[in-house]
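> Submitted below is the structure of interest, expressed as structure tokens.
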Amino acid sequence: LFPATLTYDTLRFEYEDFPETKEPVWILGRKYSVFTEKEEILLDVTSRLWFTYRKNFPAIGGTGPTSDTGWGCMLRCGQMIFAQALVCRHLGRDWRWIKGKRQTDNYFNVLNAFIDKKDSYYSIHQIAQMGVGEGKSIGQWYGPNTVAQVLKKLATFDTWSSLAVHIAMDNTVVMEEIRRLCQSNFPCAGAAACPAVESDVLYNGYPEEAGVRDRLSLWKPLVLLIPLRLGLTEINEAYIETLKHCFMMPQSLGVIGGKPNSAHYFIGYVGEELIYLDPHTTQPAVEPNDSSCLPDESFHCQHPPCRMSIAELDPSIAVGFFCNTEEDFNDWCQQIKKLSLVRGALPMFELVERQPSHFSNPDVLNLTPDSSDADRLERFFDSEDEDFEILSL
């Protein structure tokens with residue numbers, strides 16, 4: 001069998017099927033057998049929201065690009081990992097997309113949050129323009145850390161989802177900070193930064209009562225993103241077992257990263273290969289039809305997913321987890337602690353109860369010139385954009 005190949009910027013794919021192997025297939029916390037559950041594997045993959053390059057969308061900022069071909073792959077991967085969080089939040093991990101089957105309003109609410117227009121919460125327009133505050137000009141390549149920081153800012157305005165988004169910097173997850181963030185009684189962190197619920201919800205086409213629910217819930221659903229560097233120029237083999245275990249956890253949102261200068265959304269693994277969704281295909285932008293229904297087939301990857309050797313992974317990644325309840329978070333913490341006992345598995349990050357005194361504030365959003373070494377390293381690797389076609393503005 002030949003490895004998966006893809007003709008970029010067309011919709012002609014040549015993909016090999018899943019290998020006939022006794023190794024289990026793990027997809028975002030679910031374990032499958034190729035021999036008995038191949039249909040279930042493909043249905044699970046197809047049900048993930050798949051965001052690719054698009055063309056002919058409204059100009060970003062009114063006068064900017066109308067396509068993200070050549071520069072938007074990490075932004076699209078950020079959309080995919082965040083869309084998976086919204087699917088878990090509003091539809092549940094067991095939800096499946098079946099071609100031709102009528103979907104619920106909540107499904108279309110999730111999808112509408114990512115449509116290529118300026119007033120969708122997590123659109124390419126919002127991500128690109130919010131990135132300007134992170135030092136990224138529109139059309140510039142992002143790294144995993146930058147897209148995570150931008151999504152955290154945008155989630156503040158998504159009162160319907162009411163998520164607590166935490167980005168663990170310095171390879172350290174501080175449990176106390178996460179509990180403080182998730183146990184806040186406001187619909188979004190920093191309520192002053194949120195627009196009025198009514199105008200915000202109607203502006204985004206969501207139901208009027210959406211932002212009000214869960215206002216006083218005891219635990220806000222957590223999206224935890226952990227930017228990591230697992231080696232200098234290639235992944236350190238000692239991290240591979242730990243990375244695999246991340247896909248085995250029920251809280252898994254997958255991983256964003258890729259090969260050098262080519263971003264992918266990794267959703268699982270089989271044997272020594274990662275399974276991923278690839279954004280490097282340009283599709284026309286989608287507009288709602290006359291009945292205000294959104295044609296959604298192009299947002300689901302309906303062929304076997306791509307695979308690549310774990311050893312080829314660029315060491316700069318961000319790992320994502322979703323904890324809907326406090327029990328989910330406690331369970332995740334226990335799994336991470338057990339993982340540190342696995343032989344031959346080097347921990348990718350540290351889990352601590354309280355913030356070490358020598359740390360800077362991990363929630364600083366703006367990457368200033370005197371920011372941490374991790375930020376400077378991220379800037380350095382983010383700047384490797386010479387292989388990209390940067391669209392002229």
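The values are calculated or read from the model by the stated rules, or taken from the named source; none is laboratory data. Note that the structure is a prediction, hence the values are computed from the model and not measured. Neighbour counts run over all protein chains shown; Cβ positions are idealised from the backbone, glycine included. Surface accessibility is based on the protein's heavy atoms, side chains included, excluding ligands, DNA and RNA. Shrake-Rupley method; radii C 1.70, N 1.55, O 1.52, S 1.80 Å.
> For the stretch 266-334, what does the alpha-carbon gyration tensor say about shape, rounded, prolate or oblate, given a ≥ b ≥ c as the root eigenvalues, a/c under 1.5 as rounded, and a/b over b/c as prolate?
It is oblate, given that a/c is not under 1.5 and a/b is not larger than b/c.
> How would you classify the stretch 88-184 from its alpha-carbon gyration tensor, with a ≥ b ≥ c the square roots of the eigenvalues: rounded for a/c under 1.5, else prolate if a/b is greater than b/c, otherwise oblate?
It is oblate, given that a/c is not under 1.5 and a/b is not larger than b/c.
> Test of understanding: what is the full-extension gain from ASP119 to SER262, defined as 0.36 nm times their sequence separation minus their Cα-Cα distance?
The ASP119-SER262 span can extend by a further 48.7 nm.
> Once the Cβ-Cβ distance between VAL352 and SER137 is put in as r, and R0 is 35 Å, what FRET efficiency do you end up with, to the nearest 0.05?
E(calc), rounded to 0.05, equals 0.45.
> Here is a follow-up. Quick one: accessible surface of GLU23, probe radius 1.4 Å, all protein chains present, in square angstrom to the nearest 10.
90
> Between SER340 and GLU312, 0.36 nm times their residue separation minus their Cα-Cα distance comes to what? Intermediate results must be reported in sequence, preceding the final value.
Details: separation 28, 0.36 × 28 = 10.08 nm, distance 2.41 nm.
Taking 0.36 nm per residue and subtracting the Cα distance, the gain is 7.7 nm.
> Also, I was wondering about something else. In whole percent, and with a 1.4 Å probe on the protein chains, what portion of the accessible area of the stretch 52-99 is carbon and sulfur? Show your work: numbers first, answer last.
Numbers: 630 of 1300 Å².
Answer for the stretch 52-99: carbon and sulfur cover 49 percent of the accessible area.
> Per residue, how much accessible area does the stretch 107-174 show when a 1.4 Å probe rolls over the protein heavy atoms, in square angstrom?
With the other protein chains kept in place, the stretch 107-174 gives 20 Å² per residue.
> Further, regarding this structure: Given the pairs LYS38/LYS118; LYS38/LYS337; LYS220/LYS337; LYS220/LYS338; LYS31/LYS136, which span a C-alpha to C-alpha distance of over 28 angstrom in this model? Let's see the in-between values first.
Values: LYS38/LYS118 39 Å; LYS38/LYS337 32 Å; LYS220/LYS337 23 Å; LYS220/LYS338 25 Å; LYS31/LYS136 39 Å.
Long pairs (Cα-Cα over 28 Å): LYS38/LYS118; LYS38/LYS337; LYS31/LYS136.
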